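Single-structure report; data block below.
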Amino acid sequence: MDKLLPDELQYYIDTMRIRTARRRLRVVKTEKDKQLIQLDKRIKVLWRQDRHPEYVPLEPPVQKGYKRFFILRDDVARGKQASFFQGILDKINTVQYFHRKDFKVKKRQKGKKVMVVKEQGVRTFYRDEFNKLKLTRDEMTYFEERMVQVGWKGEVPQMVFTEPWRFVLRIRPHLLTHVRKANPELDSQIQEIENYMDKHYLRPRMRWLTQSRHSSWNKKLFGPKEKYQYQKKPLPQLLQEIYYNIE
């Protein structure tokens, strides 16, 4: 190749810098996507700060409704195995909060609305959750696998405590001893970014860039992508395979 003169070389460089209309659109779209990714990182940092706020004590404490939880029944608490069943209860206890002391809610029965007490039971566990409890051999003898109704999933197998009669419900006032310290600047930044995303309808594109292709939930739901079956096969081989499959 002959050497280019300085003027010809500059012309060659200027010509290579010319972008087609399609390339210009691609560059603009890429820059917008980069800005969305940076915006997503920024909002996640703010959310993490908002999830770990600073709390200050309340003097005096303020009551906010009631809470209901399980305790040992009187005869069990006085028995020799009180500490044993208390250890189990600490792992399976549940707490409910409500504004009424009687924990009654309206429910329609036979066309009429009546007040009924909210249901509450001890925790049940899936098999993998149950294995993480690290129960002793004696504690495991009080659990068995049963089919339990779990919301829209229907009946699913779960590990259930077989002697719930050993526990009774106790209602106590729910006292607020600490209050979250307000951070107007942080709340303002989060609200400003969320309003901007809603106004310009950026959430779908941001979700596609940051979650859709790489999320572990997607891989668990749909499984890994299969490789293209015709990859690295010559055309005559592909035609031959298709021919024999048709026959």
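The values are calculated or read from the model by the stated rules, or taken from the named source; none is laboratory data. Since the model is a prediction, treat every value here as computed from it, not as a measurement. Note that we place each Cβ from the backbone using ideal geometry, even for glycine, and neighbour counts take in every protein chain shown. These area figures cover heavy atoms from the full protein model, side chains too; ligands, DNA and RNA do not enter into them. Shrake-Rupley method; radii C 1.70, N 1.55, O 1.52, S 1.80 Å.
In this label model, residue 134 and residue 186 are separated by 3.1 nm, measuring between points 7 Å along each Cα→Cβ vector.
Close amide H pairs (under 5 Å, H built 1.01 Å from N) link residue 148 with 156, 158, residues at least 5 positions away or on another chain. Taking every protein chain into account, the accessible area of the stretch 9-167 amounts to 78 square angstrom per residue (probe 1.4 Å). Label-to-label distance for residue 116 and residue 102 is 1.6 nm, based on points extended 7 Å past Cα in the beta-carbon direction. The Rg/Rh ratio for the stretch 52-172 is 1.04, where Rg is the radius of gyration of the alpha carbons and Rh is the Kirkwood radius.
Rolling a 1.4 Å probe over the protein heavy atoms of the stretch 74-200, with every protein chain left in place, gives an accessible area that is 50 percent carbon and sulfur. Placing dummy labels 7 Å off each Cα toward the beta-carbon, the span from residue 208 to residue 62 is 4.6 nm.
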